[in-house]
Structures are given as structure tokens and as C-alpha cells.
1. Working only within segment 53-90, note down all residues that are aliphatic (A, V, I, L, M) and exposed (fewer than 11 other Cβ atoms within 10 Å of the Cβ).
2. Say whether the condition of being closer than 19 Å to Thr19 by Cβ, in contact with a helix residue (DSSP H, G or I) (Cβ under 9 Å, 6 or more places away or on another chain), surrounded by 10 or more Cβ atoms within 10 Å (Cβ to Cβ) and not aromatic (Phe, Trp, Tyr) is met by at least one residue in segment 45-52.
3. Give me a count of the residues in segment 25-67 that are within 17 Å of Leu92 (Cα to Cα) and in a helix (DSSP H, G or I).
4. Pairs under 6 Å by beta carbon, first residue touching a residue at least 40 places away in the same chain (Cβ under 8 Å) and under 15 Å from Ile85 (Cα atoms) in segment 28-50, partner part of a loop (DSSP other than H, G, I, E, B) and among the polar types (S, T, N, Q), six or more apart or different chains?
Amino acid sequence: MIPAQQNMGCIVNLTVGNTIQDAVVRIFRDKLDVEISSSETNLLETGIIDSLKFIDLVYNLEQEFGITMPIESLEVDQFRTIADIVLLVSRLQSQVTAPTGGPS
């Protein structure tokens with residue numbers, strides 16, 4: 001049985017989640033020069049993410065994971081914690097890899 005974590009009604013596979021989480025933490029550390037103490041640290045209330053870091057974060061997430069984050073559909077709560085970012089990236093990755101329906 002694969003361990004899973006439930007967060008806001010979504011179940012995230014920890015094996016996949018930890019790989020994504022490790023990459024997100026690396027982006028914060030290596031690209032944004034920020035160390036995050038916990039995956040539940042509120043990045044907004046602590047001021048870790050400001051408007052410039054947000055743009056850098058979105059760019060680096062898109063590059064690292066091969067996803068597109070349409071700015072008009074992003075919500076601030078999706079970036080509140082590392083755990084929230086992991087859920088967002090997982091969801092966007094599943095949309096990229098989901099089979100498209102169409103005529104055969």
C-alpha cells in the first residue's frame with residue numbers, strides 16, 4: 001500500500017508528492033535563495049513570497065515541471081504553503097499527461 005496524505009479533500013501520493021516537494025524546496029533554496037522550515041509554513045503571511053519572488057517562482061515551476069500556469073486561473077491560496085504548491089503542480093501535471101479524447 002502506498003502512503004497517501006489528505007489535504008483539502010485531495011489525496012496526494014506521498015511518493016510522487018515528496019519528489020515534487022523536494023523539487024519545489026530546491027527551487028526556493030537554489031533559485032529564490034530562501035530556506036523553508038516546513039511544508040506548512042505560510043509563505044504569504046511570513047513575507048517569504050512577495051510579488052517579485054512570486055513571478056520567479058511561477059517561472060521556475062513551469063521550467064522545472066514542464067507545465068503552464070495560466071495567470072488568469074491562479075489563486076493566492078494555491079501558493080500559501082509548499083504543500084499547496086505541490087498539490088497545484090500535481091494537478092497541472094496530471095492535466096498535461098491526461099489522455100485527450102478524440103476520434104481514433
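Laboratory data are not the source of any read-out in this text; all were calculated from the coordinates shown. Only a predicted model underlies this, so the values are computations on that prediction, with no experimental measurement involved. Virtual Cβ from ideal backbone geometry, glycine too; neighbours counted across all protein chains shown.
1. Applying the first criterion (aliphatic (A, V, I, L, M)) to segment 53-90 yields 55, 57-58, 61, 67, 69, 71, 74, 76, 82-83, 85-89.
Passing the criteria: Ile71, Val76.
2. Taking segment 45-52 as the starting set, the residues that turn out to be closer than 19 Å to Thr19 by Cβ are none.
Looking through segment 45-52, none of the residues is closer than 19 Å to Thr19 by Cβ, in contact with a helix residue (DSSP H, G or I) (Cβ under 9 Å, 6 or more places away or on another chain), surrounded by 10 or more Cβ atoms within 10 Å (Cβ to Cβ) and not aromatic (Phe, Trp, Tyr).
3. Taking segment 25-67 and keeping what is within 17 Å of Leu92 (Cα to Cα), we get 57-67.
Checking which are in a helix (DSSP H, G or I) leaves us with 57-65.
Adding up the residues that qualify gives 9.
4. Short answer, once both residue conditions are applied: Glu40/Thr81.
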